[in-house]
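K.L.:
Attaching a single structure in C-alpha cells format; questions to follow.
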Ligand code: NDP
C-alpha cells in the first residue's frame, strides 16, 4: 500500500520542490525526505533560524543545495507571492512540486466563543495563503512535465468536530481547494493535485492539541513520508483529486 511505499533513492532527481512550513514538524520531515531522494527543495517558512537548521541538515546529509524563502503567511500580500514566483523562476527556471504543510491550530473553543480575529488568522494562514501561493506558482508548475501539488488536510477536514472551530473549517476548505483545482487541471494539464491527512503525528501542533498525551506514543513525522514521497514522484502520475491518509 501507499503508506508502505518504498521510494527509489533517485525518485525526485532533478526536481525542484517548494515546501511550506519547512522549518518544523511534517514540513521539515518532507523537505528532508525530498532532498534525500534527489530533489532541490525550497524551504518556505516564517522562522529563519529553523529554516537555516533544516538547510544545514540537508547539506550535511549530502542533499542538493536548498533555498530559503522567509515568508509570514499571516499577512502575505499577492504582490509578494508573485514576486516569490519570479524569484523561483529566476533561480531555478522550474518548479515540479508544491507541498503545503504550513498551518496553525488556532483556538479550540465553541463557535459561540470563537474570537473573530483568531478565526480570520487561521483561515488566512491555512486557506487564503495556500490559495495565493498555489495560484502564484501555477504557471511554473504548468511548465513541469509532471507537476504535483499536495495539500495537508486533517480528519477534522472530512468530518466536523466540536471545539475545533476555524481549524476544522479551514481543512474542509483545503479539501475543497484541492478538489476544485484537481477538476480544473484534469485532462488539460500535467499537474496533479491531491490531499494528505497525516493522522496524529508527533509535532508541536499535536502537542498543543493533545497536551496530556505522551509524545513517545505518537507517530513520528518521518514515518508518514511514504505517502508524501509517493504523491511527489512519478509513481503517482495520473493520480489526481484524491484524498489520502498517511497512516492506516
Ligand atoms: P507544526 O506546528 O510543527 O508546523 C507547522 C509549520 O507551519 C511550522 O513550520 C510553522 O512555522 C509554519 N507556520 C505556521 N504559521 C505560519 C505562518 N504564518 N507563516 C509561515 N509559516 C507558518 O505542525 P505540524 O507539522 O503538525 O503541521 C503540518 C500540517 O499538518 C498542518 O497543516 C497541520 O494542520 C497538519 N496536520 C497535522 C497533524 C498532526 O498530528 N501533527 C494532524 C493533521 C493535520 P514556525 O515553526 O516558524 O512557527
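The values are calculated or read from the model by the stated rules, or taken from the named source; none is laboratory data. These numbers were taken from a predicted model, which means no experiment stands behind them. Every residue, glycine as well, gets a Cβ built from its backbone with ideal geometry; the counts of neighbours run over all protein chains shown.
Listed here are the residues, each with its yes/no results for (1) within 18 Å of residue 2 (Cβ to Cβ); (2) surrounded by fewer than 20 Cβ atoms within 10 Å (Cβ to Cβ); (3) within 15 Å of the ligand (Cβ to nearest atom).
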{"site": "171", "(1), (2), (3)": "no, no, yes"}
{"site": "181", "(1), (2), (3)": "no, no, no"}
{"site": "184", "(1), (2), (3)": "no, yes, no"}
{"site": "190", "(1), (2), (3)": "no, yes, no"}
{"site": "204", "(1), (2), (3)": "no, yes, yes"}
{"site": "207", "(1), (2), (3)": "no, yes, yes"}
{"site": "211", "(1), (2), (3)": "no, yes, yes"}
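K.L.:
Only one of (1) within 17 Å of the chain's Cα centre (by Cα); (2) closer than 24 Å to residue 9 by Cα fails for residue 65. Which number is that?
P.N.:
(1)
K.L.:
Residue 130 - would you say it is more than 16 Å from the ligand (Cβ to nearest atom) and at pLDDT 95 or above?
P.N.:
Considered against the rule, which asks whether it is more than 16 Å from the ligand (Cβ to nearest atom) and at pLDDT 95 or above, residue 130 comes out as no.
K.L.:
Cβ-Cβ distance below 8 Å, separation of 6 or more or different chains: which pairs start in segment 195-206 with a residue that is under 18 Å from residue 236 (Cα atoms) and end on one that is assigned to a loop (DSSP other than H, G, I, E, B) and near the ligand (Cβ under 6 Å from one of its atoms)?
P.N.:
197/154; 198/154
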